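The values are calculated or read from the model by the stated rules, or taken from the named source; none is laboratory data. Values in this document were obtained by computation on a predicted structure and should not be read as measured data. Note: ideal-geometry Cβ built from the backbone for every residue, glycine included; neighbour counts use all protein chains shown.
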Amino acid sequence: MRKIVISILSIGLAVMWQPAAHAQFGSGIVLDPTQSAHALTQIENEGKSLQNEATQIENGTQIFTNTVKIASTALQTYNQVVQQYNLYHQMMLAPQMLYGRFLSPQTDLMMTQQIANHYGNGSGTSWVNSSNTGTAAASSIQLASLPPLTATIPTANVTTFAGQQQLAAQGATVDLGDSVAATELQTIGTIKANQSARQADITALENATNTTDPSQETELAVLQRINRALLLQLRTMQDTNQINANAALQQMVIQKQQQDAMKASFRDSSGYQSYYKANITTTSSGAANLLTQAY
């Protein structure tokens, strides 16, 4: 386009530099300087117009090139978004498609089986009911004990104070053991009584996890299921901690019983010498004197 403008300008300049003589051409045309200058001005204006059009064409080409680049970038971004959506959708469906067939049937806590009342006191039946429901655990433990303790064990007939202390310590061990046993029986029975509701929560969570419902495949729904699973896990851990605490208390009662036996043994050993001197030595000396006098 620039070559065309330069050629037109060259023609115009050639016309301007022609001699101003009124030479007659063979065709009878006479050169008019005024008309030539006017033609030159028109040629210059046309050259500028062509140059402006060329500039506009170049700008349009640049704009078109930029538009193509923007469209290509937008198309690439769209393809990436589609790939991400397909990946998220596949991940939502993965639990049912990939892992659903590996789910094994759940095993509920087994209820304690009812037993016959061979002794007529109903202790076994009451204990079984408490282990399944968590109710009346203390009375069930007392019914299963021999005998049911309803009053303080009398210690007045024990001659020594040390003997009274030993009897009281053993009685305290029995009472503490009954308390721990009743607590553990109530804990286990309560867990069994609540297992139906707990299992219903787990089943609902499992169904929501394996569903293909679009409303359950959103990120918020997945986070809610994760939070719910964590809450169920925390509750199960609380139950486990309760059982562990009861087991620790039971171990403490057993340790107390062992400690009481050791303390009683030490006390008997320390008092044996004085008791021997006060009772056995006197008796044996008297018997020896009698034998000596007899002979």
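Would you check which residues across region 191-208 are among the β-branched types (Val, Ile, Thr) and touching a helix residue (DSSP H, G or I) at 6+ places or on another chain (Cβ under 7 Å) and list them? Don't jump to the end; show me each part of the working.
We begin by selecting, within region 191-208, every residue among the β-branched types (Val, Ile, Thr); these are 191, 202-203.
Once the filter is applied, which keeps residues that are among the β-branched types (Val, Ile, Thr) and touching a helix residue (DSSP H, G or I) at 6+ places or on another chain (Cβ under 7 Å), region 191-208 yields Ile191, Ile202.
Of the residues Gln273, Gln199, the single one that is in a helix (DSSP H, G or I), at pLDDT 70 or above and either exposed (fewer than 10 other Cβ atoms within 10 Å of the Cβ) or not assigned by TED's automatic domain parsing to the domain that holds Gln90 (or both) is Gln199.
Evaluated against (1) surrounded by 14 or more Cβ atoms within 10 Å (Cβ to Cβ); (2) closer than 30 Å to Ala261 by Cβ, Gln216 falls short on exactly one condition, (2). Which condition number in (1) over 21 Å from Lys263 (Cβ atoms); (2) at pLDDT 85 or above; (3) among the hydrophobic types (A, V, I, L, M, F, W, C) is the one that Leu176 fails? Against the list (1) over 21 Å from Lys263 (Cβ atoms); (2) at pLDDT 85 or above; (3) among the hydrophobic types (A, V, I, L, M, F, W, C), Leu176 comes up short only on (1).
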